[in-house]
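**Student:** Right, I'll just put the structure down here and ask away after.
The values are calculated or read from the model by the stated rules, or taken from the named source; none is laboratory data. Fair warning: this is a prediction, and the values are worked out from it, not measured in the lab. Glycine also receives a Cβ, built like all others from the backbone with ideal geometry; neighbour counts cover every protein chain displayed.
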Amino acid sequence: MTISCWLMETILFVAPTESDGSLGKPALEALNVAKKLADAIPGSKLAVAVFGENLDGAAALLGGCGAARCLGIANPDLAQPRYASDAAATEALSRAAQATIVIAPGTSRMNRVLAGVAHRLQGRIDTHVTAVTAAQNQPVITRWYYRQRMEACIQRTHRPWIIAIDPGSAQPWSGQPQQASLEMLQLPTQQNGWRTNVTGIQAPPADEQTIRPDAELLFVAGAGWTKKQADGQTHVDEAAALILEFLKHTRASLGSSKSLVDISGEGQAVLPFLTHMNQVGQTGSTPRHPKGLAACCHGEEPHTVGWRFINERRAINLDPNCGWARGKADVLYVADAFAVMRKLNELFAAQKR
């Protein structure tokens with residue numbers, strides 16, 4: 001193992017562009033982290049690199065970030081995510097910039113390739129990073145372990161060091177847009193072409209999409225939606241209709257407790273649109289939204305852990321002594337979730353009319 005100590009860091013921000021050539025919100029968050037780190041370490045240099053089919057939108061923005069170098073690879077083969085082409089582009093840009101630290105957005109596209117790029121560069125990688133600071137002129141990353149129960153601060157002397165920033169954990173860069181002059185590189189291609197061909201994208205209709213990472217509100221449905229109600233009967237169909245109508249009106253993202261996702265294994269009726277992708281906390285995801293609303297949840301510790309990065313947390317539950325009432329939510333509405341959601345949907349419909 002080679003250990004090196006660098007007196008001057010070359011910090012590279014690298015990200016793919018969107019279909020219109022612009023940079024998405026996770027990319028701008030990573031750019032802001034890279035710029036702040038470069039400003040915090042004396043003598044360091046900031047470089048930026050983008051790749052995709054179209055770089056026009058990114059080039060029109062990056063000139064104002066103060067980077068010493070701006071690199072780019074434009075190629076139709078980079079229009080869609082693919083491990084081989086994305087990894088080749090990221091590696092080529094990192095080598096051309098002679099980067100000692102590479103900061104990238106931790107999106108599904110970049111997370112797929114960054115570990116392989118780190119191996120090719122004989123570097124090291126850390127993913128799910130939530131913050132990058134400087135201590136004694138050395139970078140320090142922050143990330144969470146054990147489902148967000150433990151926070152760790154990590155330093156490395158090995159270079160290059162690749163850092164993937166979790167989307168939603170930093171503010172997007174919002175500097176003055178300015179046209180950048182990109183140093184264009186060629187995409188290294190495989191001798192016999194790419195073994196994987198992208199033939200298209202299959203996606204649900206917009207109205208059926210329940211996972212929206214950029215939504216202002218996260219709505220979490222608990223197992224109480226499928227339990228017997230005051231009349232002694234279950235109302236799963238009504239629950240599904242109420243939740244879907246609420247999501248349609250608010251464009252909220254839908255989360256779920258593990259118990260509700262797993263309840264199908266117990267032979268009980270389930271909400272038809274829920275999958276393990278909606279699971280929050282415990283073995284699920286840790287979302288980041290400005291506001292959160294939970295209904296029919298029990299308020300177990302996994303929910304609190306899963307909601308750690310929600311800024312404002314509210315819940316609806318008939319039991320005033322539930323876990324949410326013991327300080328895990330900012331506001332607890334002691335009410336019937338069916339009645340509350342029914343009234344909310346009526347108000348939303350009336351507002352639109």
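**Student:** Return yes when residue 46 is out of contact with any Gly (no Cβ under 6 Å at 6 or more places or on another chain), hydrophobic (A, V, I, L, M, F, W, C), touching a residue at least 40 places away in the same chain (Cβ under 8 Å) and outside any loop (DSSP other than H, G, I, E, B) and no when it is not.
**Tutor:** Spelling it out, it is not the case that residue 46 is out of contact with any Gly (no Cβ under 6 Å at 6 or more places or on another chain), hydrophobic (A, V, I, L, M, F, W, C), touching a residue at least 40 places away in the same chain (Cβ under 8 Å) and outside any loop (DSSP other than H, G, I, E, B).
**Student:** Now a separate question. Within the bounds of the stretch 96-107, is there any residue that is under 20 Å from residue 188 (Cβ atoms), assigned to a helix (DSSP H, G or I) and over 21 Å from the mean Cα position of the chain (by Cα)?
**Tutor:** Scanning the stretch 96-107 turns up at least one residue that is under 20 Å from residue 188 (Cβ atoms), assigned to a helix (DSSP H, G or I) and over 21 Å from the mean Cα position of the chain (by Cα).
One line per residue, one yes/no per condition, for (1) crowded, with 18+ Cβ neighbours inside 10 Å; (2) under 28 Å from the mean Cα position of the chain (by Cα); (3) outside the structural domain of residue 83 (by TED's automatic domain parsing); (4) over 30 Å from residue 145 (Cα atoms):
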site: 167; (1), (2), (3), (4): yes, yes, no, no
site: 170; (1), (2), (3), (4): yes, yes, no, no
site: 176; (1), (2), (3), (4): no, yes, no, yes
site: 189; (1), (2), (3), (4): no, no, yes, yes
site: 210; (1), (2), (3), (4): yes, yes, yes, no
site: 231; (1), (2), (3), (4): no, no, yes, yes
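**Student:** Looking only at the stretch 55-88, which residues are modelled with pLDDT under 95 and of a type in the set (S, T, N, Q)?
**Tutor:** Within the stretch 55-88, 80 is the sole residue that qualifies.
**Student:** Looking at residue 264, is it of a type outside the set (Asp, Glu) and at pLDDT below 85?
**Tutor:** The answer is yes for residue 264.
One line per residue, one yes/no per condition, for (1) over 21 Å from residue 177 (Cβ atoms); (2) in the same structural domain as residue 173 (by TED's automatic domain parsing); (3) buried (at least 19 other Cβ atoms within 10 Å of the Cβ):
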site: 37; (1), (2), (3): yes, yes, yes
site: 59; (1), (2), (3): no, yes, yes
site: 63; (1), (2), (3): no, yes, no
site: 90; (1), (2), (3): yes, yes, yes
site: 101; (1), (2), (3): yes, yes, yes
site: 112; (1), (2), (3): yes, yes, no
site: 119; (1), (2), (3): yes, yes, no
site: 123; (1), (2), (3): yes, yes, yes
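**Student:** Find all pairs meeting these conditions: Cβ atoms under 6 angstrom apart; at least six residues apart or on different chains; first residue within the stretch 56-77 and touching a residue at least 12 places away in the same chain (Cβ under 8 Å); second residue among the hydroxyl-bearing types (Ser, Thr, Tyr) and assigned to a helix (DSSP H, G or I).
**Tutor:** 77/85
**Student:** Check the stretch 73-82 and report whether any residue there is in contact with a Gly (Cβ under 9 Å, 6 or more places away or on another chain), in a helix (DSSP H, G or I) and surrounded by fewer than 18 Cβ atoms within 10 Å (Cβ to Cβ).
**Tutor:** No: the stretch 73-82 contains no residue that is in contact with a Gly (Cβ under 9 Å, 6 or more places away or on another chain), in a helix (DSSP H, G or I) and surrounded by fewer than 18 Cβ atoms within 10 Å (Cβ to Cβ).
**Student:** Name the pairs whose Cβ atoms lie under 6 Å apart, with the first residue in the stretch 240-255 and in the same structural domain as residue 223 (by TED's automatic domain parsing) and of a type in the set (Ser, Thr, Tyr), the second part of a strand (DSSP E or B) and surrounded by 22 or more Cβ atoms within 10 Å (Cβ to Cβ), and 6 or more positions between them or separate chains?
**Tutor:** These pairs meet every condition: 253/218.
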